[in-house]
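Right, one structure below, let's go through it.
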Amino acid sequence: MDMPETASFIDWFDQMAISLESDCVRIVVIPTMGAKIVSLYDKVNAYEWLAEPMRPLKPAGYGADFVSQDMSGWDEMMPTISTCRFRNITLPDHGEVWGIPWNIDKATAELCFSVNGVALPYHFSRCIAFENEHTLIFQYCLTNTGEQIMPFLWAAHPQFNADESTRILLPDEIDYLLNVIADHPNWGRSESQVTWPAARDLHDVPHQLDRIGPADLHACRKFYTDPGSPAAWAALQHHFSGSRLRMEWSTADLPYLGLWVDEGVYNAKPVVALEPASGYFDSLENAIARKQVNWLMPGAQMDWQLRLVIGNETD
C-alpha cells in the first residue's frame, strides 16, 4: 500500500486548493474558503461523494448568506448553524468559520488548518490524515482564548451527492427520528417523532426516509436522532457505483446527529448531509436554553475526532 508522502497544491474551479490522496481516496481542500473540503473521491469506484458548485466558487466573506453561495462540498459549522444571538452578539448564518480564510498550518502527509473566532474568542483547528488507504482521520481542536466561559455548537456540514441509488444507513437501534423544522408540511411540529426508515406523514402518505428523491420534488427534511439515544456512526451507500461512505465518532464528544436531505429546495441536485454535532439542535441559543451544549472555561481546550471510511459497499 502506497501512502501519501506529501500534499499537492492544485487549481480547483479557479481556486487554490490542496490535495492529498492514497491509492483509493482523494481529498481536496480550499483554505481561503473556510477550509472547505471540495472533493472526497473514491478512486476505486470512480465516484465523487461531495456536491460540485452550483454557482461560481469563490470566497464568501464573513456573515454571508450560506444558501446564496456555491452550495458545494463540506463546510465546518462553528459556533452555531442557524443565525442566533448570544451575549447581545449576533452569530451569523451557518456560523462564522465557513466564510473566512483559514491558516495553512501543515500540508505534508497531514493537512492542518486553523482559524480564530470573530464574534467569540476561540482558536479552532482541523487536521486530516490517512489512517490507511480507505480511511481518513479528522482531528478537531477548539480553545477558548477569551476571559469568560464560552458555549459552542460545532457540526459537520458535508453536502454529499445523492440520487435514487443512494441509501442512508443508521445504527439498527435507531427506529425513529425527531423532526426539527417547525410546521413542516409533512412532519408537523418541531420535535415530533417520525419512524425510521419507513414513515407515514401527516397526510398518511408513505415515505421511505432512507431514500432520496429527485430535485424536481422541491422538498427538504431535517431530523435529529433522539438526544437520549446517541448514534456513533452514519453511512451512505451508492449502489450504482458500489461505493460506500461511513462516518464514525465518539458519542461522549459528539452526542447529537442531524440528518439533512435537500431534494431541490436549496441545491440544484439532491444532497444528503450527515451532521454529527456537539449541541442540540442547529442554534447555539436554542442549545443553551435546552442545556444541551458544551461550555469551555477560559484557556480550556476540547478535542474530538471523526473517522471517515470510503470503500466498497460489500466491505
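Residues in region 241-255 that are part of a loop (DSSP other than H, G, I, E, B) and open to solvent by less than 40 Å² (accessible area, probe 1.4 Å): how many? Explain how you work it out, then say what you get.
First, the residues of region 241-255 that are part of a loop (DSSP other than H, G, I, E, B): 241-242, 250-255.
Among the residues that remain, those that are also open to solvent by less than 40 Å² (accessible area, probe 1.4 Å) are: 241-242, 254-255.
Here the count works out to 4.
For residues that are open to solvent by 30 Å² or more (accessible area, probe 1.4 Å) and in contact (Cβ under 8 Å) with a residue 12 or more places away in the chain, tally how many sit in region 221-240. First the steps, then the outcome.
So in region 221-240, the residues open to solvent by 30 Å² or more (accessible area, probe 1.4 Å) come out as 226-230, 232-233, 239-240.
Of the ones still in play, those that are also in contact (Cβ under 8 Å) with a residue 12 or more places away in the chain are 226-227, 229-230, 232-233, 239-240.
Adding up the residues that qualify gives 8.
Could you say which residue among Gly213, Gly188 is over 21 Å from Ala162 (Cβ atoms), open to solvent by less than 20 Å² (accessible area, probe 1.4 Å) and modelled with pLDDT of 95 or more? Give the derivation first.
Numbers: Gly213 fails: over 21 Å from Ala162 (Cβ atoms).
It is Gly188.
Is it true that some residue in region 45-56 is more than 15 Å from the chain's Cα centre (by Cα), surrounded by 16 or more Cβ atoms within 10 Å (Cβ to Cβ), among the polar types (S, T, N, Q) and farther than 18 Å from Tyr266 by Cβ?
Yes.
Kindly evaluate Ile10 against the criterion of being part of a strand (DSSP E or B), β-branched (Val, Ile, Thr) and buried (at least 20 other Cβ atoms within 10 Å of the Cβ). Spell out how you get there, then give the answer.
On the way: part of a strand (DSSP E or B): yes; β-branched (Val, Ile, Thr): yes; buried (at least 20 other Cβ atoms within 10 Å of the Cβ): no.
Here the answer is no, as Ile10 does not meet what is asked.
Which residue, of Leu178, Leu169, is hydrophobic (A, V, I, L, M, F, W, C), at pLDDT 95 or above and under 24 Å from Ser283 (Cα atoms)?
None of the others qualify; the one that does is Leu178.
Using the structure shown, decide if Asp262 is at negative phi, open to solvent by less than 10 Å² (accessible area, probe 1.4 Å), of a type in the set (Asp, Glu) and within 16 Å of the chain's Cα centre (by Cα).
yes
Which one is farthest from His94 (Cα to Cα) among residues in region 25-44 that are in a loop (DSSP other than H, G, I, E, B) and open to solvent by 10 Å² or more (accessible area, probe 1.4 Å)?
Filtering region 25-44 for residues in a loop (DSSP other than H, G, I, E, B) gives 34-35, 43-44.
After this cut, where a residue has to be open to solvent by 10 Å² or more (accessible area, probe 1.4 Å) as well, the list is 43-44.
On the way: Lys43: 31, Val44: 33 Å.
The extreme case among them is Val44.
Which ones in region 164-198 are touching a strand residue (DSSP E or B) at 6+ places or on another chain (Cβ under 6 Å) and acidic (Asp, Glu)?
Answer for region 164-198, where residues must be touching a strand residue (DSSP E or B) at 6+ places or on another chain (Cβ under 6 Å) and acidic (Asp, Glu): just Glu191.
The values are calculated or read from the model by the stated rules, or taken from the named source; none is laboratory data. Values in this document were obtained by computation on a predicted structure and should not be read as measured data. Counting neighbours? That spans all protein chains shown, and the Cβs are built from the backbone with ideal geometry, glycine included. SASA here: full protein model, heavy atoms, side chains in, ligands and nucleic acids out. Shrake-Rupley method; radii C 1.70, N 1.55, O 1.52, S 1.80 Å.
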